[in-house]
1. Using a cut-off of 27 Å between alpha-carbon atoms, which lysines can reach A:LYS54, once sequence neighbours fewer than 8 places away in the same chain are excluded?
2. Given 0.36 nm per residue, what is the gain on full extension from A:ALA150 to A:TYR126 after removing their alpha carbon distance, in nm?
3. For region A:162-172, take each phi angle, set θ = phi - 60°, evaluate the Karplus expression 6.51 cos²θ - 1.76 cosθ + 1.60, and give the result in whole Hz per residue in order, putting x for glycine and proline.
4. With label points built 7 Å along Cα→Cβ from the Cα atoms of A:LEU83 and A:LEU172, find their separation and express it in nm.
5. Please give the residues of region B:133-167, grouped as numeric ranges, whose backbone N is less than 18 Å from a label point set 7 Å along the Cα-to-Cβ vector of B:THR122.
6. With contacts defined as alpha carbon pairs under 8 Å and 6 or more residues apart, what's the relative contact order of region B:63-216 in percent?
7. Roughly how many debye, to the nearest 20, is the charge dipole of chain B about its Cα centre, given +1 on each Lys and Arg Cβ, -1 on each Asp and Glu Cβ, and no other charges?
8. For peptide B:72-83, what's the mean number of Cβ atoms from other chains within 10 Å of each residue's Cβ?
Amino acid sequence: MLPTTCLRRAIPIVKTRNPAGLTSGQYLAGTPSSTRYNSSTSNKKVKDVSGADKRYQLIRDILYSREVPTTQPKPIPPASAALFTAPVATDPANPQALKRDAIERAWAILKEREAVAKVQELRGMYESMRSAMEELERTDRRLFEAAKVAADREEVVVFPRRLRVPTDTPPLEGWDYDMKTGTR
Amino acid sequence: MLQSTMLHIQARQTFSRTCNFAKRYLATAAPSKIHVGILLKRNPVILRKLTEFEHAYYTYRESLEQAESRPFHREFYFKKGSTAEQRWLDAQDAAAAAAERLEGGRTPLVQPRDEELAGLETAERVTEADKGGDVKSLDRALERTLYLVVKKADNGSWEFPAGPLEGEEVLHEGATRHLHSEVGSSLETWVVGRTPVGHIAAQDKKTFYMKAHILSGKIEPNKRFAQDFAWLTKQELKEYLQPAYYEQVHKMLAEF
């Protein structure tokens with residue numbers, strides 16, 4: 001008795017394919033959820049075993065599923081070397097690649113412009129601060145020393161807790177003109 | 001002979017040291033007065049809205065991700081016959097009617113709608129202050145950074161609040177003190193550190209600007225210093241400020 005059950009458990013449970021070609025993982029669009037999905041568990045010939053085995057079986061089904069994404073997989077080396085030599089698709093016979101590359105190039109141009117503008121803004125702020133400190137050094141040494149942020153000072157500039165982070169929508173009460181939060 | 005040369009050198013060094021000391025002393029006691037200005041800003045309250053291209057691009061990338069992803073095995077995540085599974089399936093059914101097909105006949109997966117979140121009341125992103133163009137309101141232009149400008153009482157020009165330093169105070173202390181005297185005390189501000197962010201050097205005075213954030217409260221202009229006030233974006237400031245003044249301060253303002 002005992003050896004037979006062991007043997008039965010040792011046999012890997014074979015996933016049976018249903019006639020429609022659907023596996024347990026695929027969700028077919030348009031079919032109402034009330035219909036029973038063809039799943040391997042219902043066609044299983046092996047008797048129901050304990051819960052632990054079912055999970056192993058499920059994980060095995062998922063890991064070794066025959067389903068693959070239907071779009072082109074990304075090339076692995078050495079085929080990916082072609083991406084470096086010809087990074088932009090030019091072959092008119094492949095309109096999908098042309099479309100994809102056009103979109104990505106437009107996005108890259110937008111991001112580059114944003115980055116350049118951001119760096120320019122920060123550079124302007126830095127130059128403004130630097131020239132102010134240089135002028136202050138020439139003008140008043142006491143104020144200059146007080147304005148310096150030196151490494152030997154103990155105090156650290158910290159942000160106030162009430163400095164609000166931007167959100168998708170504003171607060172319901174709008175701007176806090178009466179300083180209600182301060183009195184909490 | 002050597003001793004006299006040594007003395008001569010020492011005398012020359014002392015003389016040059018005295019000259020330098022006098023120069024520095026005279027520099028600090030220069031006739032130009034030091035003023036402290038305050039660049040008071042209100043940070044953006046809401047996130048920027050995505051442009052049409054950004055929105056289209058993100059939608060395109062999402063559709064690619066859905067198409068190229070491995071299939072979703074719902075029996076791994078949902079217990080068979082549970083209410084969570086049913087809720088998820090209902091959400092997919094509802095979306096399947098509206099959504100387009102991806103390659104391979106699959107529809108994009110959707111998250112079930114969180115009823116609690118969907119029922120929350122939210123405020124409008126475009127407020128009445130936006131529609132009315134009320135420049136005194138802090139509820140205007142919620143996506144943008146707003147800066148405080150005041151109309152000076154003496155010459156009627158629009159400038160950032162500024163005033164002379166008093167006593168032995170330092171720049172950031174003077175900034176808080178003068179700000180409260182010029183625009184009232186019913187506001188909560190935070191001066192960022194001790195370092196000035198910009199300066200204007202005129203013949204008679206030098207103004208060093210400190211950056212500060214307004215956290216809450218309202219502006220009540222003191223008639224002695226300021227006739228009027230406004231909260232403006234950097235682009236609007238270009239209209240209000242004098243061109244020469246704008247040229248000197250525009251670098252310390254945030255573009256957006």
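1. Here the lysines satisfying the reach criterion relative to A:LYS54 are A:LYS15, A:LYS44, A:LYS45, B:LYS79, B:LYS80.
2. Additional length available on full extension: 6.9 nm.
3. 8, 6, 7, 8, x, 10, 5, 10, x, x, 4
4. Each label point lies 7 Å from its Cα, and together they span 4.9 nm.
5. Of the residues in region B:133-167, B:141-144 have backbone N under 18 Å from the label point off B:THR122.
6. Numbers: 127 pairs, mean separation 17.4, N = 154.
Reported as a whole number, the value is 11 percent.
7. Values: 36 positive and 36 negative charges, 321 e Å.
Dipole magnitude for chain B comes out near 1540 debye.
8. Details: counts 4, 11, 4, 10, 7, 0, 0, 0, 3, 0, 0, 0.
Taking all residues of B:72-83 together, the mean is 3.
Just so you know, all these numbers are worked out from the coordinates, no wet-lab data involved. No experiment lies behind these values; they were computed from the predicted model shown. Don't worry about glycine lacking a Cβ; one is built from the backbone with ideal geometry, like all the others, and counts go over all protein chains shown.
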